[in-house]
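The values are calculated or read from the model by the stated rules, or taken from the named source; none is laboratory data. Keep in mind that what you see is a predicted model, and the values were worked out from it rather than measured. Cβ placement follows ideal geometry from the backbone for every residue including glycine, while neighbour counts extend to all protein chains displayed. The protein model used for the area step is the full one, side chains on, heavy atoms only, and it has no ligands, DNA or RNA in it. Shrake-Rupley method; radii C 1.70, N 1.55, O 1.52, S 1.80 Å.
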Amino acid sequence: MSRLKPAHWFGLALVAIALLALPLVLTQVGTAWVRIANFAILFVFLSLGLNIVVGMAGLLDLGYIAFYAVGAYTWALLASPHFNLHLPFWAILPLGALLAGMAGAILGAPTLRLRGDYLAIVTLGFGEIVRIFMNNLSAPFNITNGPKGITRIDGFGAGGVNFSTTDTLFGIAFTGPAKYYYVLLVLMLLVIVVNLRLQNSRIGRAWVAIREDEIAAKAAGINTRNIKLLAFAMGASFGGIAGGMFAAMQGFVSPESFVLHESIMVLAMVVLGGMGNVWGVIAGALLLSFVPEFLRYTVEPAQQAIFGRLLIEPEVLRMLIFGAALVLTMRFRPAGLWPESRHKREMGERRA
Amino acid sequence: MDILLQQIINGLTTGSVYAIVALGYTMVYGVIQLINFAHGEVVMIGAMVAFSVIMALVGMGLPLPPFVIVLGGVLAAVPVCMAIGYLLERVAYRPLRHAPRLAPLITAIGMSIILQHLALLVWGRDPRAFPQIMENASFAVGGAAISSVQIAIILLSVTMMAGLTWFVYRTRFGIAIRATAEDVRVAGLMGVDANRVIAATFTIGAALGAVAGVMYGTYYGIAHYTMGFILGLKAFSAAVLGGIGNLAGAMLGGILLGLVEALGAGYIGDMTDLCRWPVFGELLAERCAADGHVVLFGSNYQDVFAFLVLILVLVFRPSGLLGERVAERA
Amino acid sequence: MNFPAKALSLSVAAAVLMMACGKEEPPPPPPQAQTPPPAPQPVTVKIGHVGPLTGGIAHFGKDNENGVRLALDEANAAGIKIGGQPVKFEMVPEDDQADPKVGNTVAQKLVDAKVAGVVGHLNSGTSIPASSIYNGAGIPMISGASTNPALTEQGFKGVFRVVGRDDQQGPAIANYLLATAKPKTVAVIDDATAYGEGLANEVEKTLKAAGIKVLPREKGTDKTADWKAVLTKIKGKKPDAVFYGGMDATAGPLLKQARELKIGAVFSFGDGGCTDKMAELAGAAAEGLVCSQAGIPVQAAGKQFLEGYKAKFNMDPIIYSPFTYDAAKLLVAAMQKADSADPAKYLPALAAIDYNGATGNIQFDEKGDRKDAEMTIFTMKEGKITPLAIIKGGKSLTLDEYAALAAPAPAAEAAKPAEAAPAPAAPAQK
């Protein structure tokens, strides 16, 4: 980063200011928009986690939302009146990441020798199994409270600051969602840095090697099994952190939030943006996060105006768009809208 | 005993439907070694089309015998599904035949979502109830009841499996399919048009799927736009269980999975009743006395059985029960 | 070579981000624009309504919204004054898509729009998480359809419901079964959803308390079509009655398949399986089923409401609209009583209210639940759900007895807002 020119610093500073000021601007419009922005960041986070598994290591994981669920339930169970536990965030968030990572390894261990399409179906099955268990572990012994979900989950709290209420600092009112925004922003920057570092690390290169040609990678002395497991565990642990934040923000979790649709949505974000490319994935996640909101305000009124009634619900249209995004991206831009520039860059690096 | 027999009859019927759907997966896999992820949706559309046609025929009030009405549904569903199967191959698979393996899988997932939501737009979100046109006569067999629909499903499945086997092993086109499955390039050199063969496996699979969809709809009396997903997954598990790429394997796998599910839902609950176990029974004596049972795993885990079977088979015997071809590693 | 490319993509990302935000900014307060400002410039009081307006149960959501719309239109026609000033009530409708995530976002939108009170949500799954947002903002909410007990068990002061809880409905249908079918063994099945399981648990509790043997719980999902394995297992245990907690989409096939397997037991359902659609889904097998609904049957709802609804929307109310109608009327009544539309001021009046509405007399207990909520037992008769009995205060009343009991009270109440049903406006809203 030492070679950044002043112009780039200036650009970065602008982006930083824009990101920092965003919730304050949005609050003026309506706090609801801050919540929407928070979910967009959460999905950026999730997509970057899945990007490690699908984009970098080339392992198609259709049950990614299960790790999100593990993180969310870890937070919910350890910080709610359900078991009357109220552990602090610095204990639960890492624990959620750890448990999700372990779940990833447990899923990965027996299935990693399977070929791509089998792996996809098995992970899909795994995701469903996790959801079914969370839905049913209320009897005979109540662990997850079943489909009723867990209510009154503690919010994020640090140093006496309650993240669910409004505080005033320097004369600016920070609402609960705005405060979450900053926490999520920090976490997102963290995951971006980790992703970027990974991309250029030994491990990252090993993943790409496996993705491109596993047998050659093995021949080159890469322990493909461990490296793949690492991808699974790492991607899963990011899912776990995102899940924890989801539980804290919502104050309520139930198995309905962790259905296959969510997995596919995150996958669509990764695929559309460009598998393996951090900035592409971020763009894909932001784009697809705002699509539903955008549709809500355009499609519904437009149809009401033209046809006098709702022909296609925004929700259905959203799914059709996701499906089409998957098909069309693979067909016409298999590397995504913002493809990975790895090949180009590596050539450049070698010459330099 | 009559309950066990009844569960076996239930399992055989469901298993027959799984087997027919599984044939669609296995045929495509046998030829191009790819999973047709959207096959479940084809089955769903088959059921939906048949539903519409049957409703229309019933609505016309012609004095048609029920058998003819259902046949009308099948005759409409089969060509529609064949067209969709062909479309799937052309849109999701053919353009990506030389792309990385993930690519066609991802397009197929996309197609599956699109088909599902198009069906939602056409047939709505509410479940569609098949009209009860056939008087569902049931026969007593050793204390259990087997209905005429169940008999029809089992017989029709056996006939279709036999027909398909004959087609693949005894006709010229069947030989072409098998040759392509062995080696696309060599088959091409021998004058087999691979594109035609691959498209044919998709359409034949879809035709079978359409019939399976109608069977499902008339058996359970209901069709819903989301029914294809779980049905497809289970049928895929069945195909893997039997050995994917293997016709006999798909049939065996389907029947076995049907039986596993029926018997699992029927007996696992009682078997995991902790009150009947030595140590736990004493530990939980109080609860057992109050409730009479502390069941660990009941029918709520019915959908898990299929996935567990799938994972276990893939881990311990990736080639399946009858598979000759070992699942290629990467 | 590295950095220009990176900086470029970064700025692209930033641009996308800003574009996305920029695009969202223009339509901030969408609901206001529709209503033309009336002449004497009355104070506008916004009342939010939330329910699923898209998705599988959109028709219920719309029905609920209609209830609120009718109530507020009537209130406006009556020319209510609060704090000496004329008031115009305005509904702010929101769609939560029956999804908890969306539910929280739209709840925040209502808070942003500074509504004085909220009627909703429909699903317990969205009502519960959203209630904490309303509570944080000090805005009272009244649900007309969420029956999960947990909603009012959170200790929130401003959370109310006018519909009966699952643990009131469960005992009602269970007691009715006990009294009529006199079963020795009962099988309880549910669809593993919050609603189905919750209701089934309450039924099981009541049955067990009466010393009835309850078989181990069987479960399907909210999409199950194949009940044969579960039913065959149950058949082996020979229950005299079966209760299923779930929606009609799964209850229909369940009942149909049970009769195919020659299970002769009495089948009973909660309000999810208490619809006319059961006759279509289960065919002839539906005849004679027993089911319950929280609250009074639509047919028994206040006459003024029924006629007003029909006149305005040109259709019959579906299920919960009498409750949302009453909920909106309650908010108005409480504001009138406190002579203020400020939530902090009228909340005590709302908590202490004693009101005769379309669904009978309404008073709240200390949790915010309705005191003495009615339950209705139905049966399927010639393809139509027909009320058998209304359960009130533990007593079972016939429809006529209930009408006789309830008649004097609403008559006095109905005198207030006359039926000025503004018919010409109706088509535009549909």
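At a cut-off of 50 Å², which residues of the range B:1-31 become less accessible once all protein chains are present than in their chain alone, using a 1.4 Å probe?
Buried on complex formation: B:I3.
Excluding ligands, DNA and RNA, what is the solvent-accessible area per residue of the range B:91-236 at a probe of 1.4 Å, expressed in Å²?
Accessible area per residue: 41 Å².
For n ≥ 4 DSSP H runs only, could you compute -39500 (n - 2.57) per run for chain B, divide by its residues and tell me the 222 nm figure to the nearest 500?
-24000 deg cm²/dmol
Pop out a list of residues from the range C:201-224 that are at least 40 Å² less accessible with all the protein chains around than in their chain alone; 1.4 Å probe, no ligands or nucleic acids counted.
C:K208, C:P216, C:K219, C:K223
Please find the FRET efficiency linking A:R202 to B:H98, where r is the Cβ-Cβ separation and R0 is fixed at 25 Å, and quote it to the nearest 0.05.
Step by step, r from the Cβ atoms, then E = 0.20.
Leaving ligands and nucleic acids out of the surface, order A:H82, C:H59, B:H39 by accessible area at 1.4 Å, largest first.
From most exposed to least exposed: C:H59, A:H82, B:H39.
Give the dimensionless ratio obtained when the Cα radius of gyration of the protein assembly as shown is divided by 2.2 N^0.38 Å.
For the protein assembly as shown, the normalised Cα radius of gyration comes out at 0.95.
Any idea how far the Cα center of the range A:129-158 sits from the one of the range A:216-238, in Å?
The two parts, judged by their Cα centres, are 32 Å apart.
Report the Cα centroid-to-centroid distance between the range B:95-148 and the range C:69-99 in angstrom, as an integer.
Between the Cα centres of the range B:95-148 and the range C:69-99 lies a distance of 45 Å.
I'd like the carbon and sulfur percentage of the solvent accessible area for the protein assembly as shown, probe radius 1.4 Å, heavy atoms only, ligands and nucleic acids excluded.
Carbon with sulfur: 65 percent of the solvent-accessible area.
On a straight-distance basis, which aspartates and glutamates could pair with C:K384 in a cross-link, Cα separation under 13 angstrom, same-chain partners fewer than 8 positions away excluded?
Those aspartates and glutamates meeting the cut-off are C:D276, C:E280, C:E287.
Using only Cα atoms, tell me the angle between helix B:247-271 and the longest principal axis of chain B; keep it within 0 to 90° and round to the nearest 10.
Approximately 20 degrees, to the nearest ten.
If you average the sequence gap of Cα pairs under 8 Å that are 6 or more apart and divide by the length of chain B, what percent do you get for the contact order?
Normalised by residue count, the contact order of chain B is 32 percent.
So what is log10(I(q)/I(0)) for the range A:138-218 at q = 0.20 1/Å, when the Debye sum runs over its Cα atoms only?
Each listed q maps to, in turn, -0.90.
Radius of gyration and Dmax for the range C:118-209's Cα atoms, expressed in Å?
Cα only, the range C:118-209: 15.3, 51 Å (Rg, Dmax).
Throw me the Rg/Rh for the range C:86-138, computed over C-alpha atoms with Kirkwood Rh, two decimals.
That ratio is 0.98, to two decimals.
Give the relative contact order (percent, whole number) for the range B:64-156; include only Cα pairs under 8 Å separated by 6+ residues.
18
Which of the residues in the range A:36-69 show a loss of at least 50 Å² in accessible area from their chain by itself to the complete set of protein chains, at a probe of 1.4 Å?
A:L60
How high is the relative contact order of chain A, given as a whole-number percent (alpha carbon pairs under 8 Å, six or more residues apart)?
Answer for chain A is 28 percent.
How about C:K228: which aspartates and glutamates have a C-alpha closer than 19 Å to its C-alpha, ignoring those fewer than 8 places off in the same chain?
Here the aspartates and glutamates satisfying the reach criterion relative to C:K228 are B:D2, B:E135, B:E261, B:D270, B:D303, C:D190, C:D191, C:E218, C:D240, C:D248, C:E260.
Just tell me how shielded C:94-101 is by partners: mean number of partner chain Cβ atoms within 10 Å of each residue's Cβ, no decimals.
That works out to 4 on average.
Counting only other chains, what is the mean number of Cβ atoms within 10 angstrom of the Cβ of each residue in peptide C:57-64?
Taking the mean over all residues of the peptide, I get 1.
Using all alpha carbons of chain A, what is the percent of pairwise distances in each 10 Å bin, ordered from the shortest bin to the longest?
Here the calculated profile for chain A is 5, 23, 32, 26, 12, 2, 0.
What accessible area, summed over both chains, is buried at the B-C interface (1.4 Å probe, Å², nearest 100)?
By this definition, chains B and C bury close to 2700 Å².
Per residue, what accessible area does the range C:167-294 have, given a 1.4 Å probe and all protein chains present, in Å²?
29
For an R0 of 56 angstrom, estimate the FRET efficiency from the Cβ-Cβ distance between A:K5 and B:L5 and round to the nearest 0.05.
0.10
Kindly sort A:R131, B:R185, B:R97 by accessible area of their heavy atoms, largest first, with the probe set to 1.4 Å.
B:R185, B:R97, A:R131
Report the C-A buried area as the accessible area lost on both sides summed, probe 1.4 Å, in Å² to the nearest 100.
Approximately 4400 Å², summed over both chains.
Per 10 Å bin from zero, what fraction in whole % of the C-alpha pairs of the range C:167-294 is there, up to the bin with the longest pair?
The percentages, shortest bin first, are 14, 52, 32, 1.
Taking one equal scatterer on every alpha-carbon of chain B, how large is log10 of I(q)/I(0) by Debye at q = 0.09, 0.12, 0.15 1/Å?
So the normalised log intensities are -0.51, -0.86, -1.24.
Whole Å is fine, so just give me how far the alpha carbon centre of the range B:273-297 lies from that of the range A:271-343.
Taking the Cα centre of each part, the range B:273-297 and the range A:271-343 sit 52 Å apart.
List the cysteines of chain B that have no other Cys Cβ closer than 4.7 Å: which are they?
B:C81, each lacking another Cys Cβ under 4.7 Å.
Using a 1.4 angstrom probe on the protein heavy atoms only, could you order B:L241, B:L156 from most to least accessible area?
B:L156, B:L241
What total accessible area, in Å², is buried where chains A and B meet, using a 1.4 Å probe and rounding to the nearest 100?
Result for this pair: about 4300 Å² buried.
Shielding by partners for B:217-229, please: the mean number of other protein chain Cβ atoms within 10 Å of each residue's Cβ.
Taking the mean over all residues of the peptide, I get 4.
Considering the Cα trace of the range B:197-243, what is its radius of gyration and what is Dmax, both in angstroms?
12.0, 35
From the phi angles alone, apply the Karplus equation (6.51, -1.76, 1.60; θ = phi - 60°) to the range C:90-107 and give each ³J(HN,Hα) in whole Hz, x where the residue is Gly or Pro.
Here the 3J(HN,Hα) series is 10, 8, 10, x, 10, 10, 9, 6, 6, 10, x, 5, 5, x, 5, 5, 6, 4 Hz.
Hey, got the dipole for the range A:21-258? About the Cα centre, +1 on K and R Cβ, -1 on D and E Cβ, debye to the nearest 20?
I would put it at about 340 debye.
Past the 23 Å Cα-Cα mark, which pairs from A:K5/A:K179; C:K205/C:K395; C:K62/C:K381; C:K88/C:K371; C:K114/C:K303; C:K329/C:K367?
A:K5/A:K179; C:K62/C:K381; C:K88/C:K371; C:K114/C:K303
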